[in-house]
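The values are calculated or read from the model by the stated rules, or taken from the named source; none is laboratory data. Quick caveat: nothing in here was measured; it's all calculated off a predicted structure. Note that each Cβ is placed from the backbone with ideal geometry, even for glycine, and that neighbours are counted across all protein chains shown.
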Amino acid sequence: MTQTAPSLDIFALRETFNRERIMLCFNGPITATLIEEIGTALRKHMEGLQESPSAVSDVFSVYIEMTQNIRRYTQSRPALAMETASVFVSRDEDGRYVVSAGNVLEAADGEALLQRVEPLARLDKDGLKAAFKTQLRQPREALDGSAGLGLIDMARKASAPLQCSLRPLDGGRAFFSLRVVL
Amino acid sequence: MDNLDIPQTNASPAIRADWEAGLIAMQGDSYPENSFELFQPLIDWVEAYLAQPERPLRLELELLYLNTSSIRALMDILDLLEEAHRKGRQVSVRWSYDGANERVGELAAEFKEDCTFPFDIAAKV
């Protein structure tokens, strides 16, 4: 047996994943096909754990909205086309499912995103439903190809306010991360 | 106007629209990235269909999970039906789903809130 330590310690990485109760993760350039395939695996895995159809549906839907938001954003910023995304599905210490993801943005876009996520925390169930319906009635011309509903929908499905953070990077960029507890 | 027959994929529903029968049927999940593109032919079809006088239009839905842009596209279609209904047109929706999947029933119920035409939600046991 060779005793040379590999430059990438996969075992240590795996220990970290296990400690954080990460059941499924992805780090790399994200494509439509990958979103679909990982989503299918996620559903099958949760069904295998005998989770209720509602629980499977909620986790799947937050995963889809989050990853499709990242895809849509990346496609709208050609300068960021080579940037990768990080996506995690895990359980917290109470066994609740957590969907989190992070990606690189233009710093100004990151600030704008924080401004959209933060007010959602002040809304209760009815307030979020009203916000969803208001956004649903926005004229198509005002939409820019996206329905603008994803964040509100995630907040409606979450059992706690959405948590997000922005970490400044070089070159006028920033790393945005979002965590949704179901 | 031609009939529509868009085959189902993992992420997009089967969409059929039958001009003679006045019937639209959709089955499956709907979470494509480009929901607006997917549903635009159907929106055009519904507009053309409702532009002719008198004939009733029926929607038979067995949709499961919808991403938010599919929700928006479906609402645009239901708004067309609502507008026609208010002008006296006979339109209706029947949404059947597996009763074990409560989220589908809740989604259908939320669409129904904004419709005054006959809208049946049928949970299969």
What are the pairs with Cβ atoms under 6 angstrom where one residue, in segment B:96-110, is without any contact (Cβ under 8 Å) to a residue 12 or more places away in the chain and the other, located anywhere, is part of a helix (DSSP H, G or I)? Sequence gap at least six, or different chains.
B:A100/A:P53; B:E102/A:S54
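If you scan segment B:91-110, which residues turn out to be out of contact with any helix residue (DSSP H, G or I) (no Cβ under 6 Å at 6 or more places or on another chain) and modelled with pLDDT of 95 or more? Spell out how you get there, then give the answer.
The first filter runs over segment B:91-110 and keeps only residues out of contact with any helix residue (DSSP H, G or I) (no Cβ under 6 Å at 6 or more places or on another chain), leaving B:92-94, B:96, B:98-99, B:104-110.
Within segment B:91-110, B:S92, B:V93, B:R94, B:S96, B:V104, B:G105, B:E106, B:L107, B:A108, B:A109, B:E110 meet the criteria.
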Can you confirm whether segment A:11-19 contains a residue that is of a type in the set (V, I, T), more than 9 Å from chain B (Cβ to nearest Cβ) and free of Cβ contacts under 8 Å to residues at least 60 places away in the same chain?
yes
Which strands (runs of 3 or more DSSP E) sit wholly inside segment B:1-111 and have at least 3 residues that are hydrophobic (A, V, I, L, M, F, W, C) and within 13 Å of chain A (Cβ to nearest Cβ)?
B:57-66
Is there any pair with a first residue in segment B:1-29 that is in contact (Cβ under 8 Å) with a residue 40 or more places away in the chain and a second that is surrounded by 15 or more Cβ atoms within 10 Å (Cβ to Cβ) and among the aromatic types (F, W, Y) whose Cβ atoms are under 6 Å apart and which are 6 or more apart or on different chains, and what are they?
B:M1/B:W19; B:L4/B:W45
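Quick check on A:R167: is it touching a Cys at 6+ places or on another chain (Cβ under 9 Å) and part of a strand (DSSP E or B)? Write out each step before concluding.
Details: touching a Cys at 6+ places or on another chain (Cβ under 9 Å): no; part of a strand (DSSP E or B): yes.
In short, no.
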Selection within segment B:50-73 - under 16 Å from B:D120 (Cβ atoms) and in contact with a helix residue (DSSP H, G or I) (Cβ under 7 Å, 6 or more places away or on another chain)
B:L57
Would you be able to say whether some residue in segment A:127-137 is outside any helix (DSSP H, G or I) and either within 12 Å of chain B (Cβ to nearest Cβ) or modelled with pLDDT under 95 (or both)?
yes
One residue is enough: does segment A:46-63 have a residue meeting the conditions surrounded by fewer than 17 Cβ atoms within 10 Å (Cβ to Cβ) and within 16 Å of the chain's Cα centre (by Cα)?
no
Are any residues in segment A:98-122 within 17 Å of A:L182 (Cα to Cα) and touching a strand residue (DSSP E or B) at 6+ places or on another chain (Cβ under 6 Å), and if so, which ones?
A:V98, A:V99, A:S100, A:A101, A:V117
Filtering segment A:150-182 down to residues that are aliphatic (A, V, I, L, M) and without any contact (Cβ under 8 Å) to a residue 40 or more places away in the chain, which residue is farthest from the other protein chains (Cβ to nearest Cβ)?
A:A160
